[in-house]
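*Asks:* Could you have a look at this structure, given as structure tokens, before my questions?
The values are calculated or read from the model by the stated rules, or taken from the named source; none is laboratory data. The model shown is predicted, which means the values in this text are computed figures rather than measured ones. Don't worry about glycine lacking a Cβ; one is built from the backbone with ideal geometry, like all the others, and counts go over all protein chains shown. For the accessible areas, the whole protein counts, side chains as well, though only heavy atoms, and no ligand, DNA or RNA atoms are used. Shrake-Rupley method; radii C 1.70, N 1.55, O 1.52, S 1.80 Å.
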Amino acid sequence: MKNYLILQRVLLKNDLMGLNPFAQSGEEKASAGKLVMRRIGVIVLLLFAAGSVCFLEYELYQLFREMGMREMALGLAVLVGSVGTLLFGLFQGISSLFEGKDAPLLAVLPVTSRQVYAARVTSFIVSQIGTTVVLVLPAFVLYMLDEAAPVGFAIRAILTILLLPLIPVAIISLLATLLMRVSAFSRHRDTIVMILSFGFAIAYALFVTRLNSSADNQVNTIATMLTKDGLLNKMLGFYPPAQWAVSGLRGDWLQLLLLAAVSLAAPVLVVLLLGGSYLSAALGSGERSTRRHSRQQALSWGGSGQLMSLHVLEWRETLRTPAWLYNGLAGVIMFPLMMGVGFYSGFSAASTREGENLIKMVQSLAQTPEYAGYVIVIIAAIAAMGSMVNPLVATAYSREGQNYPFALSLPVKPLTRVWAKLLVGLEINAVCALMITVVMAVIFGVPALLAACGFLLAQLVGFAISAISLVMDLRHPRLSWANETAAIKTNFNQVISMVLWVILMGLCVVPVVLLWERGGTAVLLSVCGVIALACAVSVVLLWRVGRKASAQN
Amino acid sequence: MIEFAQATKVYGKSDRAALDHLTLTVPDGCVFGFLGPNGAGKTTAISLLTGALMPTEGSVRVNGVDVTQEPVEVKRQIGYVPDGMQMYDRLTGNEYLNFIADIFDVSKADRQARAERYLALFDMTKAAGDRINSYSRGMKQKISVIAALIHEPKVWVLDEPMVGLDPRASFELKQLMREKADAGATVFFSTHVLEVAERLCDQVAIIRRGQLITQGTPEELRQRSGDESLEELFLELTDDSAAGEGEVGAK
Ligand SMILES: Nc1ncnc2c1ncn2[C@@H]1O[C@H](COP(=O)(O)OP(=O)(O)O)[C@@H](O)[C@H]1O
Ligand SMILES: [Mg+2]
């Protein structure tokens, strides 16, 4: 037990290291004044991020309250806080459980495999509790303010926040461990893991929507669904723990007890079940297959320019590092995939007359020439989501880690290096945006020209976000990370890039709201203006990098 | 030719310079050994030379060009073998060599001829198709050495190159260093293995706590200290507990 606690403390500290926003990056000689300025900047950014989450949840809460469905706010928060982890956490689970470089180190310590596994699962839970707090706290607080007995609710809310991530983490740990065992020692392990994980996620999404649509057929009308508890139950129906949590929050202590019992049992069960063989599986994931040298391999001696060569290097590094592959690309691919599944199931669920009518209505709206401006802006906004969830660019320099000094010793102009990395981001953005645009265009019958315009606009947003966050990462790379997962996952620069995205979106929303009544063209033009401004800022930043002779600050 | 002029590096806001006004000239056609105990500032000096760090004060020039003024120009002339595991180890050996050759703009014929020669020399031809992260430490070091030679650098900089090499590879490497220097290149390497320095180097410099203590041919240094072996001299000069500030050797 003592060993376990020591291990737990070290692992937690190690895993969360990169999140300290005030950590000095590598070798710096900032003056005191500059340091203070930077700290203030970081604090303002964080406040802004927190503020925008709170604002969004406040608006939603007010909306639900006016409709007399305060509980919906709780339901949504709980769903986002738990099912979100379930759907998007698998890759993170794999990389935080299996892609740490410290497995060989831990294997020689006098601790059992089960203790190591328990420690790993625990630090995964802790990081998820962190995310849950950020996501659900504002909604819970708002709800509490309207409660007659706020103290009781506060206690239940705190318990719920602590309990919510446990079951998703247990399920993910189970899946991740099984996946790694199945694919162990296969030459194409990364590919197998990737495909199976996507398979799981899609199967789960399909299962859920099937469940829902069959429930629909029984009730057979959207009208009943729109009653207060009907909608809530439908929303939470496919994930019982969410239902227990909401009932518990609303005062049913028995349901809360049920949630606590299952939540605590789940991870313990997983650890007992799979912990024993964890270390050998984790060690296995560090092994690389080498080819048998029975015959001479043909080495190739091709050549290409600096930019191309660096660009290819960037891709190879990403694709060949499972933690970066999962966390960097998976979210970006998962997002449009989920959207496709969602719309598809929306279609199949819309066997009712109301559903059909709804889609027909949207289609006819999308094809009305006067609405072209709105349509372009909406498509661009959704297609640009990829540039927010993509952490690869915002960590491109940080991820070089110990190679950073060597990279600097190569005779490459700073701007060439920037472009080699920036292109990766632009390519990913383009693929993601393309998928989203096609899905939306097909389902809502958007004319090709409008879809193309929306796509292009999304590319400009992607360019601005990528360029700015890349230059920020270049200025303050966080090079000393514990493992590859930490490099991309708990990197503060990535948080900054998300905040940037929120700011840019916020800047776009203001004119949209103000000009909404003035017609689609006015809205479109104002959004284009904001985006052009952001692009101008990024061009200036890039130009300033190019002006420097060397890559250091 | 490499010239350090009053080169100084203070990390962050340390109250002590990791490299303290180093002034040193390394002529062409010479194997130059840079000696010092752990933490003396060898890697720091080399990082200033390769442009990975900016000097806090002073300058470093390579063949007359200032590293801070024209970094790309200088880096093009340097072949650098870093210490430890700094390496794009997700590439195969073959891909890594091609990458370095691309960066230094080496023609296809040249890179193939050179790579094949050095791969064979270090017995790495068969392993070159595997990912570097499956290599042992010595194999990584060998690939690093080959990569540094693939563009025939005028200045060859090696940071503790013997670490991890087996006797055979270590021998080949020393031969290569001699060969390159005789062909007119500048070979600058850091080490704490004294026999290597004693037998291989045309000149050596010893630093301790960031400061240059003494410099000369191995022969000169031995004479100055009355025919001690270089090892004894080294121990004496770099002994922190010794009272004298290392003036023993420098007349
Ligand atoms: N990134 C760094 N930040 C702060 N101090 C450093 C850093 N790198 C090296 N140092 C310090 O500089 C001194 C010289 O280090 P180094 O040049 O690596 O020594 P050597 O290569 O001779 O063993 C040491 O005292 C070390 O602690
Ligand atoms: Mg060193």
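*Asks:* Of all residues in the range A:121-143, how many are within 22 Å of A:ILE488 (Cα to Cα) and either at pLDDT below 90 or of a type in the set (A, V, I, L, M, F, W, C) (or both)?
*Replies:* Our first condition is that a residue be within 22 Å of A:ILE488 (Cα to Cα); within the range A:121-143, this holds for A:121-135.
From the residues that got through so far, the ones that are either at pLDDT below 90 or of a type in the set (A, V, I, L, M, F, W, C) (or both) too are A:121, A:123-135.
So the count comes out to 14.
*Asks:* Another question about this same structure. Scan the range A:378-400 and give yes if some residue there is of a type in the set (Phe, Trp, Tyr), surrounded by fewer than 23 Cβ atoms within 10 Å (Cβ to Cβ) and away from chain B (no Cβ under 11 Å), otherwise no. Let's see the steps before the verdict.
*Replies:* At the first step, the residues of the range A:378-400 found to be of a type in the set (Phe, Trp, Tyr) are A:397.
Within this subset, residues satisfying the condition of being surrounded by fewer than 23 Cβ atoms within 10 Å (Cβ to Cβ) are none.
No: the range A:378-400 contains no residue that is of a type in the set (Phe, Trp, Tyr), surrounded by fewer than 23 Cβ atoms within 10 Å (Cβ to Cβ) and away from chain B (no Cβ under 11 Å).
*Asks:* Considering (1) within 14 Å of another protein chain (Cβ to nearest Cβ); (2) open to solvent by 50 Å² or more (accessible area, probe 1.4 Å); (3) away from ligand 2 (no atom under 14 Å from the Cβ), say which one B:HIS21 fails and leave the rest.
*Replies:* Against the list (1) within 14 Å of another protein chain (Cβ to nearest Cβ); (2) open to solvent by 50 Å² or more (accessible area, probe 1.4 Å); (3) away from ligand 2 (no atom under 14 Å from the Cβ), B:HIS21 comes up short only on (1).
*Asks:* Does B:GLN175 meet the test of being polar (S, T, N, Q) and within 16 Å of ligand 2 (Cβ to nearest atom)? Walk me through it before giving the result.
*Replies:* Working: polar (S, T, N, Q): yes; within 16 Å of ligand 2 (Cβ to nearest atom): no.
Taking the combined requirement at face value, the residue does not satisfy it.
*Asks:* Can I ask one more? Condition first: more than 7 Å from chain A (Cβ to nearest Cβ) and in contact with an Asp or Glu (Cβ under 9 Å, 6 or more places away or on another chain). Now tell me which residues in the range B:74-87 satisfy that.
*Replies:* Across the range B:74-87, the qualifying residues are B:VAL74, B:GLY79, B:VAL81, B:ASP83, B:GLY84.
*Asks:* Still on this structure, please answer the following. Can you pull out every residue in the range B:88-103 that is in a loop (DSSP other than H, G, I, E, B) and facing chain A (nearest Cβ under 7 Å)? Steps first, answer last, please.
*Replies:* First, pick out the residues of the range B:88-103 that are in a loop (DSSP other than H, G, I, E, B): B:88-91.
Answer for the range B:88-103, where residues must be in a loop (DSSP other than H, G, I, E, B) and facing chain A (nearest Cβ under 7 Å): B:TYR88, B:ARG90, B:LEU91.
*Asks:* Another question about this same structure. Within the range A:532-552, can one find any residue that is over 30 Å from A:TYR404 (Cα atoms) and crowded, with 18+ Cβ neighbours inside 10 Å?
*Replies:* Step one: list which residues in the range A:532-552 are over 30 Å from A:TYR404 (Cα atoms), which gives A:532-533.
Then keep just the ones that are crowded, with 18+ Cβ neighbours inside 10 Å; that gives none.
So far as the range A:532-552 goes, no, none of its residues is over 30 Å from A:TYR404 (Cα atoms) and crowded, with 18+ Cβ neighbours inside 10 Å.
Residue-by-condition table, conditions (1) open to solvent by 10 Å² or more (accessible area, probe 1.4 Å); (2) away from ligand 2 (no atom under 13 Å from the Cβ):
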site: B:ALA40; (1), (2): no, no
site: B:SER47; (1), (2): yes, no
site: B:GLY51; (1), (2): no, yes
site: B:THR56; (1), (2): yes, yes
site: B:SER59; (1), (2): yes, yes
site: B:GLY64; (1), (2): yes, yes
site: B:GLN69; (1), (2): yes, yes
site: B:ARG76; (1), (2): yes, yes
site: B:GLY79; (1), (2): no, yes
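*Asks:* I need the helices (runs of 4 or more DSSP H) fully contained in the range B:134-209, keeping only those with at least 1 residues that are open to solvent by 40 Å² or more (accessible area, probe 1.4 Å) and over 26 Å from B:LEU22 (Cα atoms).
*Replies:* Working: elements: B:137-149, B:167-182, B:194-200.
Once the helices (runs of 4 or more DSSP H) in the range B:134-209 are filtered for at least 1 residues that are open to solvent by 40 Å² or more (accessible area, probe 1.4 Å) and over 26 Å from B:LEU22 (Cα atoms), what remains is B:137-149, B:167-182.
*Asks:* Right, next: Test A:ILE158 against the criterion of being modelled with pLDDT of 85 or more and open to solvent by 60 Å² or more (accessible area, probe 1.4 Å), and give yes or no. Lay out the reasoning, then the answer.
*Replies:* On the way: modelled with pLDDT of 85 or more: yes; open to solvent by 60 Å² or more (accessible area, probe 1.4 Å): yes.
Yes; evaluated as a whole, the condition is true for this residue.
Let's see how each residue does on (1) in contact with a strand residue (DSSP E or B) (Cβ under 7 Å, 6 or more places away or on another chain); (2) modelled with pLDDT under 95; (3) closer than 16 Å to B:LYS140 by Cβ:
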| site | (1), (2), (3) |
| --- | --- |
| B:TRP156 | yes, no, no |
| B:PRO161 | yes, yes, yes |
| B:ARG168 | no, yes, no |
| B:GLY184 | no, yes, no |
| B:VAL187 | yes, no, no |
| B:VAL193 | no, yes, no |
| B:ALA197 | yes, yes, no |
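*Asks:* If you don't mind, another one. Can you give me the number of residues within the range A:401-447 that are outside any helix (DSSP H, G or I) and away from every other protein chain (no Cβ under 14 Å)? Show your work before the answer.
*Replies:* Looking only at the range A:401-447, we keep the residues that are outside any helix (DSSP H, G or I), and these are A:410-413, A:445-447.
Now drop any that are not away from every other protein chain (no Cβ under 14 Å), which leaves A:445-447.
Going through the range A:401-447 one residue at a time, the tally reaches 3.
*Asks:* Part of a helix (DSSP H, G or I), over 30 Å from A:GLN92 (Cβ atoms) and open to solvent by less than 20 Å² (accessible area, probe 1.4 Å) - does that describe any residue in the range A:469-488? First the steps, then the outcome.
*Replies:* Taking the range A:469-488 as the starting set, the residues that turn out to be part of a helix (DSSP H, G or I) are A:469-475, A:484-488.
Then drop every residue that is not over 30 Å from A:GLN92 (Cβ atoms), which leaves none.
No, the range A:469-488 has no match at all.
*Asks:* Got at least one residue in the range B:26-36 being aromatic (Phe, Trp, Tyr) and touching a helix residue (DSSP H, G or I) at 6+ places or on another chain (Cβ under 6 Å)? Break it down stepwise before answering.
*Replies:* Start the filter on the range B:26-36 by keeping residues that are aromatic (Phe, Trp, Tyr), which leaves B:32, B:34.
Imposing the further condition that a residue be touching a helix residue (DSSP H, G or I) at 6+ places or on another chain (Cβ under 6 Å) reduces the set to B:34.
There is at least one residue in the range B:26-36 that is aromatic (Phe, Trp, Tyr) and touching a helix residue (DSSP H, G or I) at 6+ places or on another chain (Cβ under 6 Å).
*Asks:* Restricting to the range A:519-529, name every residue that is open to solvent by less than 30 Å² (accessible area, probe 1.4 Å) and within 13 Å of A:ALA381 (Cα to Cα).
*Replies:* The answer is A:VAL523, A:VAL527.
*Asks:* Continuing with the same structure: Name the pairs whose Cβ atoms lie under 8 Å apart, with the first residue in the range B:1-16 and touching a residue at least 24 places away in the same chain (Cβ under 8 Å) and open to solvent by 60 Å² or more (accessible area, probe 1.4 Å), the second small (Gly, Ala, Ser) and more than 9 Å from ligand 1 (Cβ to nearest atom), and 6 or more positions between them or separate chains?
*Replies:* B:MET1/B:GLY64; B:GLN6/B:GLY58; B:GLN6/B:SER59
*Asks:* Residues of the range B:24-62 being away from chain A (no Cβ under 14 Å), more than 9 Å from ligand 1 (Cβ to nearest atom) and touching a residue at least 40 places away in the same chain (Cβ under 8 Å), which ones?
*Replies:* Selection gives B:LEU24, B:VAL26, B:PRO27, B:ASP28, B:GLY29, B:CYS30, B:VAL31, B:PHE32, B:GLY33, B:LEU35, B:GLY58, B:ARG61.
*Asks:* Here's something else I'd like to know. Among all residue pairs at least 6 apart or on different chains, which show Cβ distances below 9 Å where the first residue, located in the range A:152-180, is among the aromatic types (Phe, Trp, Tyr) and the second is part of a helix (DSSP H, G or I) and open to solvent by 20 Å² or more (accessible area, probe 1.4 Å)?
*Replies:* So the pair list comes out as A:PHE153/A:MET144.
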